[in-house]
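Structure record follows, encoded as structure tokens.
The values are calculated or read from the model by the stated rules, or taken from the named source; none is laboratory data. Just so you know, these numbers come straight off a predicted model, no measurement behind them. Note that we place each Cβ from the backbone using ideal geometry, even for glycine, and neighbour counts take in every protein chain shown.
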Amino acid sequence: MIAVEAIGLGRVYEAKRGPPVRALAGLSIRIEQGEIHGLLGPNGAGKTTLLKILSTLLLPTEGSAQVLGRDVTRELRAVRSSIGIVLGGDRGLHSQLSARETLHYWAALHNVPAKETTSRVESLLQRVGLLERADARVETYSRGMKQRLHLARGLIANAPVLFLDEPTIGMDPLAALDFRRLIAELRSEGRTILLTTHDMAEAEAVCDRVSLIDRGRLIAVETPATLARLLTQHERIDFVASETVAARVGSQPGVSKLTKLGTPGSYRVEVADHGALSAVLAHIVGAGVTSVRTSAPSLEEVYIHLIGDRGLRV
């Protein structure tokens with residue numbers, strides 16, 4: 001079953017000065033039920049706009065979208081009852097309430113049965129690591145703690161579809177690791193999750209598929225591993241050699257880039273296409289180099305090759 005589908009979505013923001021801003025430009029996407037799908041893109045790519053349209057917070061200028069078969073512009077109540085959304089920041093949190101009070105408040109808004117509320121709240125506080133600070137006011141929380149509370153708030157209604165906008169922003173590495181474990185648990189429960197991120201490692205770790213978005217347009221939809229294979233023409237060879245040998249390697253046909261690495265005498269070359277890899281390797285070995293390692297580009301490098309480095313957090 002298709003959990004989320006957008007067809008030709010467009011969204012234009014009228015600017016007070018200057019021409020209108022097109023945040024989405026005919027974007028189409030399909031997400032299977034039970035899938036964890038990542039939206040990757042630089043700031044201003046249209047990721048948050050897409051999430052807001054799918055969660056009924058924003059109307060599209062053109063196109064259509066459905067969540068679990070329900071139209072996001074005509075069946076708002078049905079869509080809202082089937083989704084949980086985390087937009088981050090301070091929105092949705094009351095600074096004078098505690099985490100426990102916050103979750104009880106949102107449970108009431110989502111019509112969670114009273115007999116289930118307390119156990120669900122306590123379970124979520126434990127799940128996101130806030131149980132020990134559950135009665136402290138939110139205003140005393142760090143940014144990462146607030147983000148974990150946002151996650152719990154998004155899960156309070158036990159919705160089958162979750163929209164998460166930069167869910168680990170502000171979290172320390174251990175909290176981010178706990179988040180990834182939580183995502184794995186939610187997958188095992190059959191939830192569908194659409195998340196936006198700038199973090200390539202996070203996308204590789206938790207997503208079944210990722211969509212690369214730039215300037216409101218969809219560039220590619222693939223698994224993280226497949227996206228890496230799209231750029232096998234940029235495979236890397238790391239080697240240790242003298243500066244003279246490295247210069248000769250860098251001038252070989254098929255080499256697109258030579259980079260000096262941090263360790264003395266260490267270099268990296270990128271080949272322009274997969275067919276050139278063997279020839280460049282043969283030249284390196286023929287020059288007497290014995291320390292050689294090849295590797296495929298990471299998702300981070302795929303992204304930069306396809307879109308360019310425009311403020312991406314790497």
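Quick look at the values:
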| item | result |
| --- | --- |
| Check on Ser211, of a type in the set (S, T, N, Q), surrounded by 15 or more Cβ atoms within 10 Å (Cβ to Cβ), within 30 Å of Arg30 (Cβ to Cβ) and in contact (Cβ under 8 Å) with a residue 24 or more places away in the chain | yes |
| Residue satisfying condition, being on the phi > 0 side of the Ramachandran plot and surrounded by 15 or more Cβ atoms within 10 Å (Cβ to Cβ), within set Gly254, Gly250, Gly265 | Gly254 |
| Listing of strands (runs of 3 or more DSSP E) fully contained in the range 1-80 that carry 1 or more residues being surrounded by fewer than 17 Cβ atoms within 10 Å (Cβ to Cβ), of a type in the set (Phe, Trp, Tyr) and out of contact with any Cys (no Cβ under 9 Å at 6 or more places or on another chain) | 2-13 |
| Extreme residue, farthest from Gly44 (Cα to Cα), among residues of the range 138-170 that are among the hydroxyl-bearing types (Ser, Thr, Tyr) and at pLDDT below 90 | Ser142 |
| Residue match in the range 86-103 (condition: outside any loop (DSSP other than H, G, I, E, B), touching a residue at least 12 places away in the same chain (Cβ under 8 Å) and either more than 27 Å from the chain's Cα centre (by Cα) or more than 26 Å from Asp172 (Cα to Cα) (or both)) | yes |
| Sole exception among (1) assigned to a loop (DSSP other than H, G, I, E, B); (2) modelled with pLDDT under 90; (3) at negative phi for Arg180, by number | (1) |
| Any hit, the range 160-171, residues being outside any helix (DSSP H, G or I), touching a Gly at 6+ places or on another chain (Cβ under 7 Å), β-branched (Val, Ile, Thr) and in contact (Cβ under 8 Å) with a residue 40 or more places away in the chain | yes |
| Tally, over the range 165-205, of residues that are of a type in the set (S, T, N, Q), more than 13 Å from the chain's Cα centre (by Cα) and crowded, with 17+ Cβ neighbours inside 10 Å | 1 |
| Failed criterion for Thr56 (all others in (1) touching a residue at least 24 places away in the same chain (Cβ under 8 Å); (2) farther than 28 Å from Ala201 by Cα; (3) in contact with a strand residue (DSSP E or B) (Cβ under 7 Å, 6 or more places away or on another chain) hold) | (3) |
| Positions within the range 264-302 being outside any loop (DSSP other than H, G, I, E, B) and modelled with pLDDT under 70, in sequence order | Leu299, Glu300 |
| Hits in the range 217-247 - residues which are polar (S, T, N, Q), modelled with pLDDT of 90 or more and either buried (at least 16 other Cβ atoms within 10 Å of the Cβ) or touching a helix residue (DSSP H, G or I) at 6+ places or on another chain (Cβ under 9 Å) (or both) | none |
| Residue match in the range 95-107 (condition: closer than 19 Å to Phe179 by Cβ, touching a strand residue (DSSP E or B) at 6+ places or on another chain (Cβ under 6 Å), surrounded by 18 or more Cβ atoms within 10 Å (Cβ to Cβ) and of a type outside the set (A, V, I, L, M, F, W, C)) | no |
